[in-house]
Amino acid sequence: MFKTIQNAFKIPDLRKKLLFTLFIIVVFRFGSVIPVPFLNRTALQTIMSQYAGNNILAYQNMLAGGAFSNATLFAMGITPYINSSIIMQLLCVAIPALEKLAKEGNEGRKKIASITRYVTVGLGLLQGTAYYIFLRRSAIITSDWKDGGKGVFSCIVIILTFTAGTALVMWLGEQINVKGVGNGISILLFAGIISRASYLVSQIVSYWQMALEGKKQFFFFVPIYIVIFFGVIWFITFMNDAERRIPVQYAKRVVGRKMYGGQSTHLPIKVAMDGVMPIIFASSILSIPATINLFVKAETGFWKSFFSFFNTTSVGYMILYFVLIIMFAYFYTTIQYNPVEMANNLRTNNGTIPGIRPGRPTADYIAKILSRITLIGALCLAVIALLPLIFGKISTMGNMSLSGTSIIIIVGVALETVKQLESQMMMRHYKGFLD
């Protein structure tokens, strides 16, 4: 990977793209530390330290690279854009007009992208308003809206600042798509998660110091943790490249005096076709009860037991997490892939799967392969997501930042960006038939 980046810097065009991408990342990190006005910083740090754990606030803070807990310009991060993209994907399946628009080629995709931007700004406004209400109830805002014009002014400024930050992050991501390297939103998400790597190192150092102070078990658990960390990275890399190849044979056809077709190829189906989405969906749903508990504060009776069930260290939570990851993997595959449409495309192009009749039998065969590959990919995702939780419960190192979601995002974005660099380098070195 580092050799690819080094070679890319030797090519002027790619060097400009890489430097532009780094510049956008720097701008993004600057925006992540610029605080919004009218907030009590000391009170903010105190209240946010109480909300670390398994809840929507901690999850949002992870995706925003720590900007959410500091209530900065980019506190909403790229979450509104991700949610907007997911909503549009679902609507394109549910609404025929949007589905037709998605199939209209480049112009249709541009219209859907435009709608996605408007939805992103709307979600940013909604989330910014909710965050303002949370800050106001926590007595973090220095001037309340009841104080007259000054309070109303501070309310408008804070909400519009969060919304503007959402729009700016979206714009920065699109600039990377146009002038940089890689997927812009993924790159910014990658940069936000990587920025918290120092926190992970400090945790490892603190546990090692605890081992030196007399807690001998950490002499065993800390090296095991490091081995698991790099083992998970290797496993994700292996899973990212794994695929099931369905053989396809194209029939020969004569056009005029020339014969076309007749070649053999394959239809690749990746094991990690869903990426990190099933884990994101499952984590978001399971964090809702823990978030409700932040405001309810149930300390006795049935509700205490109910909210304890959704603690990340409970066995019930791990089982439910496992089941939800499997369910959402199948759900996301269903909305992403249509076996009937894939079979029709093969038949239209005179392609067949050897031993399978065209039409409905081909669609059933592809659906069966998709079901099996989805199960394998979902089980791999579940292992990656649950391994940190199981290790934390056994080793009592439950607050370690070994998040399966974070590692999948980091490794996936890094591999995808390197592949794009390699493909662009190949295009620039390919001399073609003129040789």
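The values are calculated or read from the model by the stated rules, or taken from the named source; none is laboratory data. From a predicted model like this one, the values you see are computed outputs, not experimental measurements. Cβ atoms come from the backbone with ideal geometry, glycine included; neighbour counts cover every protein chain shown.
Here is a yes/no grid of residues against (1) modelled with pLDDT under 70; (2) crowded, with 16+ Cβ neighbours inside 10 Å; (3) of a type in the set (Gly, Ala, Ser):
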position: 387; (1), (2), (3): no, yes, no
position: 395; (1), (2), (3): no, yes, yes
position: 415; (1), (2), (3): no, no, no
position: 422; (1), (2), (3): no, no, no
position: 429; (1), (2), (3): yes, no, no
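When 254, 248 are checked against the criterion of being at pLDDT 85 or above, over 30 Å from residue 16 (Cα atoms) and in the same structural domain as residue 356 (by TED's automatic domain parsing), 248 stands alone in meeting it.
Do we have residue 104 as part of a loop (DSSP other than H, G, I, E, B), free of Cβ contacts under 8 Å to residues at least 40 places away in the same chain and either not assigned by TED's automatic domain parsing to the domain that holds residue 18 or not polar (S, T, N, Q) (or both) here? In short, yes. In this structure, residue 33 qualifies as assigned to a loop (DSSP other than H, G, I, E, B) and assigned by TED's automatic domain parsing to the domain that holds residue 164.
Is at least one residue of region 137-150 under 18 Å from residue 34 (Cα atoms), of a type outside the set (D, E, K, R) and in a loop (DSSP other than H, G, I, E, B)?
Kept after step one, since they are under 18 Å from residue 34 (Cα atoms), are these residues of region 137-150: 140-142.
If we keep only those that are of a type outside the set (D, E, K, R) too, we end up with 140-142.
Narrowing the set further to residues that are in a loop (DSSP other than H, G, I, E, B) leaves 140, 142.
Yes, there is a match, as at least one residue in region 137-150 is under 18 Å from residue 34 (Cα atoms), of a type outside the set (D, E, K, R) and in a loop (DSSP other than H, G, I, E, B).
Flag: residue 44 does not match the condition of being under 30 Å from residue 110 (Cβ atoms), assigned to a helix (DSSP H, G or I), assigned by TED's automatic domain parsing to the domain that holds residue 140 and modelled with pLDDT of 80 or more.
Which numbered condition trips up residue 177, out of (1) of a type in the set (S, T, N, Q); (2) buried (at least 17 other Cβ atoms within 10 Å of the Cβ); (3) touching a helix residue (DSSP H, G or I) at 6+ places or on another chain (Cβ under 7 Å)? Only one criterion is unmet by residue 177, namely (2). Among what's in region 180-215 and is among the small types (Gly, Ala, Ser) and under 18 Å from residue 80 (Cβ atoms), pick the residue that is surrounded by the fewest Cβ atoms within 10 Å (Cβ to Cβ). Of everything passing the filter in region 180-215, 191 is surrounded by the fewest Cβ atoms within 10 Å (Cβ to Cβ).
Of note, residue 362 does not satisfy the criterion of being assigned to a helix (DSSP H, G or I), within 30 Å of residue 384 (Cα to Cα) and of a type in the set (S, T, N, Q). Residues that are in contact with a strand residue (DSSP E or B) (Cβ under 8 Å, 6 or more places away or on another chain) and assigned by TED's automatic domain parsing to the domain that holds residue 306 do occur in region 328-342.
Among all positions in region 148-169, there is no residue which is in the same structural domain as residue 65 (by TED's automatic domain parsing), buried (at least 16 other Cβ atoms within 10 Å of the Cβ), within 19 Å of residue 416 (Cβ to Cβ) and of a type in the set (Phe, Trp, Tyr). The listed residues are 369, 384, 373, 394, and the only one of them that is β-branched (Val, Ile, Thr) and either in a loop (DSSP other than H, G, I, E, B) or more than 26 Å from the chain's Cα centre (by Cα) (or both) turns out to be 394. Has region 322-344 got at least one residue that is touching a Gly at 6+ places or on another chain (Cβ under 9 Å), free of Cβ contacts under 8 Å to residues at least 40 places away in the same chain and either under 15 Å from residue 386 (Cβ atoms) or surrounded by 13 or more Cβ atoms within 10 Å (Cβ to Cβ) (or both)? Checked region 322-344: at least one residue is touching a Gly at 6+ places or on another chain (Cβ under 9 Å), free of Cβ contacts under 8 Å to residues at least 40 places away in the same chain and either under 15 Å from residue 386 (Cβ atoms) or surrounded by 13 or more Cβ atoms within 10 Å (Cβ to Cβ) (or both).
Quick check on region 360-370. Is at least one of its residues farther than 29 Å from residue 251 by Cβ and surrounded by fewer than 18 Cβ atoms within 10 Å (Cβ to Cβ)? Full working, then the answer.
We begin by selecting, within region 360-370, every residue farther than 29 Å from residue 251 by Cβ; these are none.
No, region 360-370 has no match at all.
Within region 53-61, is there a residue that is part of a loop (DSSP other than H, G, I, E, B) and surrounded by fewer than 19 Cβ atoms within 10 Å (Cβ to Cβ)?
Looking for residues that are part of a loop (DSSP other than H, G, I, E, B) and surrounded by fewer than 19 Cβ atoms within 10 Å (Cβ to Cβ), one finds at least one in region 53-61, hence yes.
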